[in-house]
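Everything on this sheet refers to the single structure shown next.
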Amino acid sequence: MMAVFEKSERLRHIGHLDIQRAVQRALRRSGLPVSYSKGFNPHILLTFASALSTGAAGRREIMEVQLDREVSPEEFLEAMRTAMPPDMQISAAKVLDERHIALMAQVAAADYTLTLDDGAAAAIFAEKLEDFLAQESIMAMRKTKSGMKETDICPLIHDLTIQDGAIHAVMTLTERLACKPGMLLDALAAFCGMEEAPRALVVRNRLLGMTESGELAPLETL
């Protein structure tokens, strides 16, 4: 079963492991026929399409729960809505084909809203945005297993606009390549001559996958 849920702004400083534990507790309370792994330490077979960074909220996060028997989306939603915490409500569910590609492997990009604390910085970003996007390359530091590495994020930015003090961005998010909100903010700040990036409330609006025609679409619709 695929489920779409929210991680509200009140929970943005809660880490992914705590979110995972909260969902597991809700699944146990729900009475749903969840599947468990085999072995000495059985655990609920639960996966997330993409872990959300600590400090960020998520409007339409996606998880997959394996069940021992067929359950309708309506039955799943009813059971989970009463079991999930108020700030992590489930908004949709869909039965997945057993042969489906893993959700994690389907994620191609993410849609973000970054609301800046500093109105003056937002105005500067908006003024310089056209020139920023006109660059042949946009370098930013990316954290890797071997340390920090400089990366060209220009091809990873699919869409970028600024309106009413908020940055709206669609950026690549895969297991191999990703442009994280912090990387974008740092690159914008450096381009505008700022010593450091302004603080921002990060909200991931939805995860996106790739259609057969090569277009980005909401992951839950694929």
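Listed residues GLU70, GLU78, GLU64; which is at pLDDT below 95, farther than 20 Å from VAL170 by Cα and open to solvent by 20 Å² or more (accessible area, probe 1.4 Å)? Of the residues listed, the single one that is at pLDDT below 95, farther than 20 Å from VAL170 by Cα and open to solvent by 20 Å² or more (accessible area, probe 1.4 Å) is GLU70. The set of residues from the stretch 157-175 being farther than 17 Å from GLU130 by Cβ, under 15 Å from the mean Cα position of the chain (by Cα) and open to solvent by 10 Å² or more (accessible area, probe 1.4 Å) comprises VAL170, THR172, LEU173, THR174, GLU175. Considering LYS143, LYS128, the condition of being of a type outside the set (A, V, I, L, M) and open to solvent by 90 Å² or more (accessible area, probe 1.4 Å) is satisfied by LYS143 alone. Applying a threshold of 8 Å to beta carbon distances and a minimum spacing of six or more residues, or different chains, the list of pairs starting in the stretch 188-203 at a residue that is open to solvent by 40 Å² or more (accessible area, probe 1.4 Å) and ending at one that is in a strand (DSSP E or B) reads ARG199/LEU116; LEU201/ALA57; LEU201/LEU114; LEU201/THR115. The set of residues in the stretch 47-60 that are under 22 Å from HIS100 (Cβ atoms), of a type in the set (A, V, I, L, M, F, W, C) and part of a strand (DSSP E or B) contains only PHE48. Taking (1) over 17 Å from the mean Cα position of the chain (by Cα); (2) more than 24 Å from PRO218 (Cα to Cα); (3) exposed (fewer than 15 other Cβ atoms within 10 Å of the Cβ) in turn, HIS100 satisfies each apart from (2). Look at the stretch 64-76: where a residue is under 12 Å from LYS94 (Cα atoms) and a partner is part of a helix (DSSP H, G or I), sitting 6+ places away or on another chain with Cβ atoms under 6 Å, you get GLU64/LEU103. Residues in the stretch 146-156 that are of a type in the set (Ser, Thr, Tyr) and buried (at least 16 other Cβ atoms within 10 Å of the Cβ): THR151 alone. Please determine whether any residue of the stretch 86-102 is among the basic types (Lys, Arg) and either within 25 Å of GLY165 (Cβ to Cβ) or touching a residue at least 40 places away in the same chain (Cβ under 8 Å) (or both). Looking through the stretch 86-102, at least one residue is among the basic types (Lys, Arg) and either within 25 Å of GLY165 (Cβ to Cβ) or touching a residue at least 40 places away in the same chain (Cβ under 8 Å) (or both). Taking the stretch 19-46 as the range and being surrounded by 14 or more Cβ atoms within 10 Å (Cβ to Cβ) and part of a strand (DSSP E or B) as the test, the residues that pass are VAL34, ILE44, LEU46.
Assess whether GLY119 counts as being free of Cβ contacts under 8 Å to residues at least 60 places away in the same chain and within 15 Å of SER53 (Cβ to Cβ). Here the answer is no, as GLY119 does not meet what is asked. The residues in the stretch 1-18 that are free of Cβ contacts under 8 Å to residues at least 60 places away in the same chain and either open to solvent by less than 70 Å² (accessible area, probe 1.4 Å) or within 20 Å of HIS100 (Cα to Cα) (or both) can be counted, and the count is 3.
The values are calculated or read from the model by the stated rules, or taken from the named source; none is laboratory data. Keep in mind the model is a prediction, meaning the values are calculated, not measured. No Cβ is skipped: glycine too gets one built from the backbone with ideal geometry, and neighbour counts run over all protein chains shown. Side chains are part of the model used for accessible areas, which takes the heavy atoms of the whole protein and leaves out ligands, DNA and RNA. Shrake-Rupley method; radii C 1.70, N 1.55, O 1.52, S 1.80 Å.
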